[in-house]
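In what follows, a structure is listed as structure tokens, so that the remarks can point back to it.
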Amino acid sequence: MVFALTLLLTVLISLGCSAGKLLVQATTPTPTRLKTPRATYTFTPEWTATFTPSPTPTVTPTPTPTPTETPSPMPTAALDEEEASAPAPPPQAAAPVVPTETPTPEEPTPIPEPDYPFDIVYFVHDTGAPDFTRMTMWVREDFGPGFFNTLDGYQMKAVGPDGSTHLSDLSGLGFGDSTVKGTGDNHNMNAKLEFAPYTAGTYLISLVEGGVQVSPEIEVVLTTDPQQYIHFDFFWQK
């Protein structure tokens, strides 16, 4: 028993020495220096105060009462004198007169000329008979180029420069030459107007039947120099 205890103590003492050696031989750890963390700075914008104006109260002025004058009675005579001495009111200006717009008169409708059955063409030539005024005419009915019918019973009316009226002889069924064939101033004719002396100037010419106008009225001129004669074709176009 004693021996066992002695052995146990020996073992414990041996173990304690070994543990002491181990503790002495263990490497002391190098302390690690830790970095102290800095605080993170958050930028806060500068605060601006918002001013909200208070509504200004509206002051309603109190109307000042107008004193009412009590008219004092005046004698009638005094009132009459006052009215007589008061200046007369100026005359009122008359209202401006607004001019009434005058309507533009409508242009008169031209009276259409009668639809005459005959048309006129004329030719002016130097005359070979200087002693008298000479005009020739041919009255016909046209059916087409080169086809015609000579008409009788018609007269040429000529109003001269002095207002005098001249009538040709009656047209006949046949026709002849106004001058000479091939001379350049010759025309077919079936009536003529001749009177003396030769009278230059403006003439109004138309065709009549029994005094009734059956063609338009045209204006022609005979010159003084050279002296002329005029030929007229009065034709009715079928």
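Every number here is computed from the coordinates shown, using simple stated rules; none is lab data. Predicted model, so just to flag it, every value in this text is computed and none were measured. Using ideal geometry, Cβ is built from the backbone for each residue, glycine included, and neighbour counts are taken over all protein chains shown.
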### Message
Just to be sure I understand the model, the point goes 7 Å from the Cα along the line to the Cβ. What's the resulting E141 to V121 distance in nm?
### Response
2.1 nm
### Task
Name the long-range amide H neighbours of A191: under 5 Å, sequence gap of 5 or more, or other chain; modelled H, no Pro or chain starts.
M137
### Summary
Counting sequence-distant residues (5 or more places) and residues on other chains, those with an amide H built under 5 Å from that of T133 are F195, A196, Y198, T199
### Task
Name the shape class, rounded, prolate or oblate, that the alpha-carbon gyration tensor gives for segment 172-214, where a ≥ b ≥ c are the square roots of its eigenvalues, rounded holds for a/c under 1.5, and otherwise prolate holds if a/b is larger than b/c and oblate otherwise.
oblate
### Equivalent ellipsoid, segment 118-237 (semi-axes from 5 times Cα gyration tensor eigenvalues, Å)
22, 17, 12
### Packing-based order for 225-236, 167-178, using average beta carbon neighbours within 10 Å, highest first
225-236, 167-178
#### Entry: Backbone N under 11 Å from the D185 label point (7 Å along Cα→Cβ), restricted to segment 213-234
226-231
